[in-house]
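Each remark here refers to the structure printed beneath this line.
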Amino acid sequence: MFESLSQKLQNITSKMRGKARVSESDIKDMMREIRMALLEADVNYGVVKEFVADMSEKCKGADVMESFTPGQQIVKIVRDSLTELLGGEEGEEKLNVSSSGFNTIILYGLQGAGKTTTAAKLAKLLKESGKKPMVVSVDVHRPAAAQQLKVLSDSIGVDCYIDPEEKDAVKIARDGEGKARYMLCNYLIIDTAGRTVADEELMEELRDIAAAVNPTEKLLVVDAMIGQEAVNVAQLFEQNIGMDGFIMTKLDGDARGGAALSIRKLTNKPIKYICTGEKVEAIEKFYPQRMADRILGMGDVVSLIEKAQQTIDEEEALKTMERMMGSSYNLDDLYAQFEQMKKMGSLKDIVGMVPGAAGKVNEDDLDDKIVDRQMAIITSMTKKERRSPSILNASRRKRIAAGAGVQVSDVNKLIAQYEQTAKLMKQFSNGKGGFKMPKGFAKQAAKMGLTKGGMGGMGGLGNMGGLGKMGGLSGMGSGFPQSMGSLAESQDDAGEYSGAPVGRRDRKKKRKGRR
């Protein structure tokens, strides 16, 4: 979502990083570029004006102009200012909690904002944190809305209360609350009705529901794709019902990001969660500083590790790492790792969290279909071929390519990158199936909290080879600090295979050449 804004701000700050001296003219030029970048990202004009004026004043301070590294100081000011605009450094905004132990969350929003799927996503998140949630649909206007919520809740193993025959939304809300208390649930999530436009009839219904269940949390689900209109919607709901915070949806889309950057400043209400996809696991807590770091291309290692811990089977990941270190790593392991990686979200999201990745990986190459293609190639192999890739001669590769619907060169690239990773892992093996840490890594890992316990399931990302021009991501998360692009060749460089068995005629030519 922030792709365009992120690229522009990264270009602006990169110009300042290496400057030994910064003049007022430099600051003025930078502020003009930042102003234009924010306006093009659909950020509210008043917010942009105040933001740039405040940042300009800070950049002209004596601590910057007289610093030995003024360029770096300015980058820090941009980062801190962006963090403040998104909500400050306090970290996550937690949900309100009732002293009684029973909490009711009402989700509001216009039709199409994604309230129903967000209700299921939030319930799944609460369930994973040890809570017992129940969801209830009080949408009596949209056909099959209640059934949609029931299907989603069944898929995640969460209790759901619906009454398709009842047309009184307030009665359904009361009955749902009674059912949740009877089931000893400690969270009730109410999915309300929406409209294409917020009218007085809708507002009256929502006020009656709130009065009936006395919610501990009122969250507005906002579609990031509608731009500055999201701020108008937020202000309308705040005036009529009152809000405790927001959930931003569709952050995986191609919206320019103005809503997320404007809504906190203009409403003084926090963004509590963000949704980055359609799947039920595509929701995460919102951290202003982490989001600012992502926008500026500084990565977000903490969120990456948390996401890995939530989605990756740690026991299976450790087994895979042991096989890699013990030289028994095969294409079945690679396939399992592709599956784990897909659970973490899109490639763009993952790469965006890797520090230093910005500008080094072409985002046009980060197509999730690349992973699907590599998985198709592996599934076109026999069990024997997956477990012993060394037997893949020319005729076998031709058959595999036909089965997967790809070119032979695609099969060659996958095998070449697999072999590069296997060879690399041998260098880090201690010869006993264990891991040999590079010099100085243990101390650095401890500082970052990346010890065996802190890494969680990150070992499951031990190989990301075979991702087209993303060969540079091979080995990400295996536990050794290598910069992007240094662990494997790119797709272009790995285009022609040269290491595995080839046809009989080719072997004769090689022997003849040696003579």
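The values are calculated or read from the model by the stated rules, or taken from the named source; none is laboratory data. Being a predicted model, the structure only gives us computed values, none of them experimental. Neighbour counts run over all protein chains shown; Cβ positions are idealised from the backbone, glycine included. Please note that ligands, DNA and RNA were not included when accessible areas were found on the heavy atoms of the full protein model with its side chains. Shrake-Rupley method; radii C 1.70, N 1.55, O 1.52, S 1.80 Å.
Numbers at a glance
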item: Pairs with Cβ under 8 Å, 6+ apart, first in region 233-249 and over 14 Å from D199 (Cα atoms), second open to solvent by 20 Å² or more (accessible area, probe 1.4 Å) and at pLDDT 90 or above; result: G242/K218; M243/K218; D244/K218
item: Flag for L85 being in a helix (DSSP H, G or I), open to solvent by less than 30 Å² (accessible area, probe 1.4 Å) and under 19 Å from C275 (Cα atoms); result: no
item: Yes/no for A394 being open to solvent by 30 Å² or more (accessible area, probe 1.4 Å) and either farther than 15 Å from Y335 by Cβ or of a type in the set (F, W, Y) (or both); result: yes
item: Yes/no for Y329 being part of a loop (DSSP other than H, G, I, E, B) and modelled with pLDDT of 65 or more; result: yes
item: Identity of the residue in region 232-249, open to solvent by less than 10 Å² (accessible area, probe 1.4 Å) and of a type in the set (V, I, T), that ends up modelled with the highest pLDDT; result: I247
item: Some residue of region 157-175 being aromatic (F, W, Y) and in a helix (DSSP H, G or I); result: no
item: Hey, G227 open to solvent by less than 70 Å² (accessible area, probe 1.4 Å) and under 14 Å from S137 (Cα atoms) or not; result: no
item: Which listed residue, of A180, A211, is buried (at least 20 other Cβ atoms within 10 Å of the Cβ) and either assigned to a strand (DSSP E or B) or not acidic (D, E) (or both); result: A180
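To keep it simple, each residue is scored yes or no on (1) in a helix (DSSP H, G or I); (2) hydrophobic (A, V, I, L, M, F, W, C); (3) open to solvent by 20 Å² or more (accessible area, probe 1.4 Å); (4) at pLDDT 75 or above.
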| residue | (1), (2), (3), (4) |
| --- | --- |
| N11 | yes, no, yes, yes |
| S14 | yes, no, yes, yes |
| V22 | no, yes, no, no |
| M55 | yes, yes, no, yes |
| D80 | yes, no, yes, yes |
